[in-house]
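Beneath this line is the structure, given in structure tokens, with notes to follow.
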Amino acid sequence: MATDVAAKVAEWITRARKIVVLTGPELSAECGLPDFADPAMNPPARDFREDRAVRAEYWKKIRDAYPLLSSTEPGPSHKALAELEMITSLDCIFTQTTDGLHHKAGSSAVIELNSSILWVTCTGCGKDYALGEIIDLLEKGADVPSCRECGSDQMKPMISFPGQPPPHWEAREAWIRLHTADLFLIVGANLDNEPIASYPFLARENKAKVVIIGEKETPADEYVDAVISGRPGQVLNYILKKMKESITIT
């Protein structure tokens, strides 16, 4: 970790009037969870809709993953960002993660760009179910869950599968908030695809400082104000430490 750069970022956070944060799959990986929004994790939407065997295979995968998902606690990045929300002018956290760990850590201003794996919708009648209710149906012997209201077996998590557009409102909200932010922190996020790939450049156009923290290189690394390579949780907690050291108690 570039400690001098991290110390400078701590100063920027302390002085910022409006901070927007983008987080991504590296935060889930720190906790041992897969990226449930990864296209490699999910079948094409059309195949899921038209082939019951595809739906059964998908629901077996989610059933197998559920014990880990439900028992996993927030990692160091989630906890650090929840603390930053309490002590800084953090406006909101946009996240590519779908596992709900930001909420579990106590962050309140969270907007899920890929929606959530924790909720399932019947595409027949629109009724929503907590994922735990669906797992109960699978544990009782169903290979594909069916809606209690209309009987349809077209039950699907709210995340976008390949072939579906990402949620629109969330992406628009990010675009709006980045127009008024003066600091944009990107933590463990995937910047390979639009519209998220454009967010660092949008923030820079609107005179915000942009900082990227993570273990992987991104296409925006050469165009932002600071890049700190390292585990997000380690970097964020170092930044928090530097911020606390600068506080003068009188």
query: Each residue of the range 232-246 in order: what ³J(HN,Hα) in whole Hz does its phi give by Karplus 6.51 cos²θ - 1.76 cosθ + 1.60, θ = phi - 60°, with x for Gly and Pro?
result: x, x, 5, 5, 4, 6, 5, 4, 4, 4, 5, 5, 5, 5, 7
Length added when fully stretched, Glu173-Lys207, from 0.36 nm per residue minus Cα-Cα: 10.4 nm
field: DSSP-defined antiparallel bridges as percent of all bridges, the range 57-187, nearest 5
entry: 65 percent
- prompt: Ignoring any ligand, DNA or RNA, what whole percent of the accessible area of the range 46-195 comes from carbon and sulfur when the probe is 1.4 angstrom?
  reply: 50 percent
- line: Note: probe point = Cα of Thr3 + 7 Å toward Cβ; backbone nitrogen < 17 Å; residues of the range 205-243 passing the test are 228-231, 234-243
statement: Residues whose built amide H sits under 5 Å from the amide H of Val144, excluding neighbours closer than 5 in sequence, are none
Straight-distance crosslink candidates among lysines, where the alpha carbon sits under 22 Å from Lys79 and sequence neighbours closer than 8 are dropped: Lys8, Lys18, Lys104, Lys216, Lys241, Lys242, Lys244
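Could you size up the charge dipole of the chain around its Cα centre, putting +1 on the beta carbon of Lys and Arg and -1 on that of Asp and Glu, and report it in debye to the nearest 20?
Details: 27 positive and 36 negative charges, 108 e Å.
Dipole magnitude for the chain comes out near 520 debye.
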- line: Taking Cα pairs closer than 8 Å and at least 6 residues apart, the relative contact order of the chain in percent is 27 percent
field: Exposed trypsin sites (Lys or Arg not before Pro) absent: longest stretch of the chain, with sites in DSSP loops and at most 13 other Cβ within 10 Å deemed exposed
entry: 18-139
- prompt: In nm, to one decimal, how far is the modelled label at Arg49 from the one at Ser70, with both set 7 Å along Cα→Cβ?
  reply: 3.1 nm
- prompt: How far is it, in nm, from the label point at Tyr223 to the one at Ala130 when both lie 7 Å from their Cα along the line to the Cβ?
  reply: 4.3 nm
message: Give me the Å³ per residue figure for the convex hull around the C-alpha atoms of the range 13-152.
response: 115 Å³
Over the range 108-175 - Rg/Rh using Cα atoms and the Kirkwood inverse-distance radius: 1.04
task: Just the number, please: percent antiparallel of the DSSP beta bridges in the range 1-128, rounded to the nearest 5.
output: 10 percent
message: So, R0 is 22 Å and r is the distance between the beta-carbons of Arg15 and Thr180; what FRET efficiency does that work out to, to 0.05?
response: 0.85
Beta bridges per DSSP with both ends in the chain, % antiparallel, nearest 5: 20 percent
message: Run lengths n ≥ 4 of DSSP H only: what is the helix-derived mean residue ellipticity at 222 nm for the chain, with -39500 (n - 2.57) per run over all residues, to the nearest 500?
response: -12000 deg cm²/dmol
- prompt: Separation between the Glu149 and Ala40 pseudo-spin-labels, each 7 Å from Cα along Cα→Cβ, expressed in nm?
  reply: 3.6 nm
- line: dims of the chain, Cα set, principal axes, largest to smallest, nearest Å -> 63, 34, 28
task: Calculate the tail of P(r) for the range 70-208: the fraction of all Cα-Cα distances greater than 28 Å, expressed in %.
output: 30 percent
- prompt: Under a 1.4 Å probe, what is the accessible area of the range 107-250 per residue, stated in Å²?
  reply: 51 Å²
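The values are calculated or read from the model by the stated rules, or taken from the named source; none is laboratory data. From a predicted model like this one, the values you see are computed outputs, not experimental measurements. As a convention, Cβ positions derive from the backbone with ideal geometry for all residues, glycine included, and neighbour counts pool all protein chains shown. Ligands, DNA and RNA are excluded from the accessible area calculation, which covers all protein heavy atoms including side chains. Shrake-Rupley method; radii C 1.70, N 1.55, O 1.52, S 1.80 Å.
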